[in-house]
Structures are given as C-alpha cells and as structure tokens.
Amino acid sequence: MRSLLVVLIAALAMPAHAQSLSDAYNQGAALGQTGNAAARSQINGSTAQSTVPHYTTTAPEASYFGSTGLGTSASAKTGACARGRGAAGGFSDQACKAVDFSQTNPGRRPNFSITPNDPLLTRAKTITADPQAIAGNLAGTYSGCTVQTVTRPDIFETLVCHQYRTMEQLSCQKLLTVQVSWSNNCTPGTWFGNFWVNTWGNGEVGYRYAGVVISAYCQTGSTVRMRFQAICTETPCSGYAEIQVNATSGAVSPQVFTNFIGRSWYTTDLFNRVDYKGGGCTAEQCSFTFCTRYEVEYATCDESGCTTTQINATRACGTYRFTRPRNIATVTDAWSNQCAALEARLP
C-alpha cells in the first residue's frame, strides 16, 4: 500500500501529456476497464459481511435515513455515550468512542508546530523536486506518458469590484390628525349652586331660618342667568324671581325685587325685598352680590297728632361665587409617520 501511495504521488507530481486530450482520456479509460472484471467479481452481497469485521445490515443508524432533522437523534446518541458506553474498550464500543472524542477533542487537541527543517517538509521537497528518483521511471508500466519537468511561476492577479447604490428621489409624509372634542363644566340646561343668603339661621333641619337661595343656570354666552327664591320656616313665606345680566359688567344693577316676604320667628329678621347689588365674571369665575332688606312706612297717632315712621333695614348680604359656565375643548393629536422605513435607512 505504501509503494502504491508513493507511485500515485509521483504520478500526480509529474504532468503527463498525451498526443491530445481525447487520446489521453480514451487511454485512461481503457486502462481502468482492464481492472473492472477483477473488481466486479469482488462486489456482491456477502463480500462486505465476510471482509469487514462486525459488519451488519441492521445498524441502528439506518433509521436516520429520510429524517427531516438529525439534531434530536444526535443529542440522544451523545447523551447515551456520555453515560459510559465505550469505556470497556470492546470493538462494538468504538462508535461511542468516536462520539465521545468528537465532544471532548476540541479541548484536548495538542498544540504543535512544524519548523521549516521538519522531516515532513524536507522529504516532501525532495519528492517534488525529483519524483522519478523516488518512484522510478513509469515508462515500463505505461508507454503513453513522457516525463517532463515544467516550471510555472506564480500568477498574481488583482481584482477590483465596485458597489454602488442607485440615487433615488423618494418622498414620504408625516400626517398629523387633530381631533377636537367639546364638553361643558356643567350640565347644559340645568340649575346649579344653591347659595344661601340667610337673614336668620343657616338652614339646618330642625332650626329656624329665613333668607333666599340663589342658583345659576348652565348656559354659555355673554349673559348669566340666575334665580332666587324665599326660604323660611314661618308663614307667610313667598317670593321668586329670575335675573339675566351681562357676564362682564353685571348690569343692570342695582335692582330691587319687591315680591318677597319671609321670616323665621323673630320680627327683626322679617324681610320683604331682595336687592341685586351687581357683580361680573372673568374667563373662569363669576361673583354676584344679593341682600335681603325690610322696607316699610307706618303712622302712629295720639292726641297731639300723627307721626309717620319709615324703616329701611338691610337684613343680610352674601356674594354668590361660582365657576363660569363654558365650553371646554379637548385636543387630541395623532401622528401617522409614513417615513419610518426611509428613516431606518439613514446612517
């Protein structure tokens, strides 16, 4: 076998030139066919079984054929061998030894270096320099070849490639969608507030009181609408009025409402007038002042004559403050970036 290897190396080292390429191919084919008869007789169903030790036609690995993936089977085999198979050293355990070696060899492979004077290199140079001195002349074996020594210098070639990106004129849009929704800070069309101007008491259940209760109407615009009505624990108790004034100036003021009467218990808290004293609103807040008042004129007479007495007494005042009814705009911005794909291409 060693002699045959040397002969093959020598044959590869010496270029062979036939008269033409087709003649060389035909002569090589004829030489190969001379050994077909002897080789064919050795290939049959029982040759491998009688020649290869431990040959079998039912190897477990045959099940891998046609599998879509070998990862699971390979992992199972590696795990089975790692648990001790192959340690006994028998011939049947050589497969596991090979598996174990493939797993552990990367960490166990020895490091070595080959110097220019190593026998492997010096002997190889001797063979390539003069193959015929080592292998002998092939002319006695194959007369179609001639021995030639050909020296060809190294060929150096410089290759250049260019990569270009085509200039493109692209455009995209970033769209902003603005949505405006409107709401109110009070429920439109309803009264709110219930502010008390008390001539007496403070309105608790079980106690005597007298006065007026004031509410505002939920409407937007340049005017403010308010209502006020009498509240008291003694009769007579009556009176109701509405007023609509300019939100900025509070006009018209002062204004007197005379259709009111009420008291709690004491004569001194009796009232029969409600005075609107004015007020106004800013963009956010409103404030308006109201008073209850008692106004009367009566005469007393005796033997000397009659005397007229006037009473004009303010009973109580209060300023009604509330948040001005208004529309509230809520703005929601929604961006649609259609340039994201192009922006990702920027350096």
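The values are calculated or read from the model by the stated rules, or taken from the named source; none is laboratory data. These numbers were taken from a predicted model, which means no experiment stands behind them. We place every Cβ from the backbone using ideal geometry, glycine too, and count neighbours over all the protein chains shown. Each accessible area value is taken on the protein alone, full model and side chains, heavy atoms only, with ligands, DNA and RNA left out. Shrake-Rupley method; radii C 1.70, N 1.55, O 1.52, S 1.80 Å.
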Completion exercise
Going through the stretch 178-198 in order, the residues found to be closer than 18 Å to Arg227 by Cβ and hydroxyl-bearing (Ser, Thr, Tyr) are Thr187, Thr190
Problem - Residue selected from the stretch 18-41 under the condition closer than 17 Å to Val147 by Cα and loosely packed, with under 10 Cβ neighbours inside 10 Å, by the criterion modelled with the lowest pLDDT - result: Gln19
Practice task
Answer yes or no: is there a residue in the stretch 249-262 that is among the β-branched types (Val, Ile, Thr), at pLDDT below 90, over 14 Å from Gly211 (Cβ atoms) and loosely packed, with under 10 Cβ neighbours inside 10 Å.
Solution key: no
Fill in the blank from the handout: Filtering strands (runs of 3 or more DSSP E) wholly in the stretch 263-346 for at least 3 residues that are open to solvent by 80 Å² or more (accessible area, probe 1.4 Å) and out of contact with any helix residue (DSSP H, G or I) (no Cβ under 8 Å at 6 or more places or on another chain) gives 285-302, 305-323, 327-337
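Quick one: count up the residues across the stretch 297-347 that are hydrophobic (A, V, I, L, M, F, W, C) and under 30 Å from Ala216 (Cα atoms).
7
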Problem - Subset of the stretch 227-267 [over 20 Å from Trp191 (Cα atoms) and in contact (Cβ under 8 Å) with a residue 60 or more places away in the chain] - result: Gly262, Arg263, Ser264, Trp265, Tyr266
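Of these, Ser75, Ser102, Ser92, which one is part of a helix (DSSP H, G or I), at pLDDT below 70 and either exposed (fewer than 10 other Cβ atoms within 10 Å of the Cβ) or not hydrophobic (A, V, I, L, M, F, W, C) (or both)?
Just a single option satisfies the conditions, and that option is Ser92.
Every residue, every condition in (1) among the hydroxyl-bearing types (Ser, Thr, Tyr); (2) under 52 Å from the mean Cα position of the chain (by Cα), yes or no:
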{"site": "Ser183", "(1), (2)": "yes, yes"}
{"site": "Asn198", "(1), (2)": "no, no"}
{"site": "Tyr207", "(1), (2)": "yes, no"}
{"site": "Val212", "(1), (2)": "no, no"}
{"site": "Arg263", "(1), (2)": "no, no"}
{"site": "Thr268", "(1), (2)": "yes, no"}
Fill in the blank from the handout: Checked pairs for the stretch 15-32, first over 26 Å from Ala129 (Cα atoms), second modelled with pLDDT of 55 or more, C-beta under 7 Å and 6 or more apart or across chains, list as Gln27/Gly144
